[in-house]
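Every read-out reported here was derived from the displayed coordinates using simple, explicitly stated rules and does not represent laboratory data. The model shown is predicted, which means the values in this text are computed figures rather than measured ones. Glycine also receives a Cβ, built like all others from the backbone with ideal geometry; neighbour counts cover every protein chain displayed.
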Amino acid sequence: MLLGTSQLVFSSDEHPAMSLRLCDMSMPLRPATTLDYWLDNLMAAIPTVAVCGHVGGVVQGYQVVKTEELPNWPGAVFDSAAVLDNAHALLSFLHAHCTRPGGSYWVLKEAGADFLRVFDLRALCDAYTATTHAAHNPFGHAVALMCWRMAQRPPSGGGLSASERRSLLLQCTELLGVRD
């Protein structure tokens, strides 16, 4: 589930859905930036991106690019099939190993590492509370907010059932230490 995205979607007669990205033309476009544009559009099912070039905040021009063409854009150096294969492998792993109902997990890739770490946030919260004897844990608020946002999403398009929403809201109140 994609949470907290700030992806804006615009439309025109020619492009019914299009994202907008600002690009500082005084600096070269990094390959990771192009990958970011592609992934954001792909996850949100947005077919085009308008890249608005500026220098010092003054617009120099723009270019509308189809999402599927971004991997071949000048300066982009990624294989879209390889990215999708890696994403599929990661999601398969998470689906197989992150199985606690209502669970929250943190996926971390450290700089320079060629592996990912997956942390069960409930286990981290419990371990933190047990070792510090503190009633407050550093992950509780963020995870509770995520649970609340997930529960508040509209049920359209195969959303959560009432019992799944209830479970998320109960987890939210538990993490925040709210009593009946």
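Quick notes on this one:
- In this label model, Arg100 and Leu22 are separated by 4.0 nm, measuring between points 7 Å along each Cα→Cβ vector.
- Rounded to 0.05, the FRET efficiency of the Met43 and Arg166 pair, given R0 = 45 Å and the Cβ-Cβ distance, is 0.95.
- Gain in span if fully extended, Phe93 to Val55, counting 0.36 nm per residue against the direct Cα distance: 9.4 nm
- Whole-number D in µm² s⁻¹ for the range 14-82, Kirkwood Cα-pair radius fed into Stokes-Einstein, 4 °C, 1.567 mPa s: 105
- FRET efficiency for the Leu8 to Arg117 pair, using the beta carbon distance and R₀ = 30 Å, is estimated at 0.40.
- Using the average count of surrounding beta-carbon atoms within 10 Å as a protection proxy, the listed peptides 140-146, 77-83, 36-42 rank, highest first, as 36-42, 140-146, 77-83.
- Scoring 167-178, 48-59 by mean Cβ neighbours within 10 Å over their residues and listing the highest first yields 167-178, 48-59.
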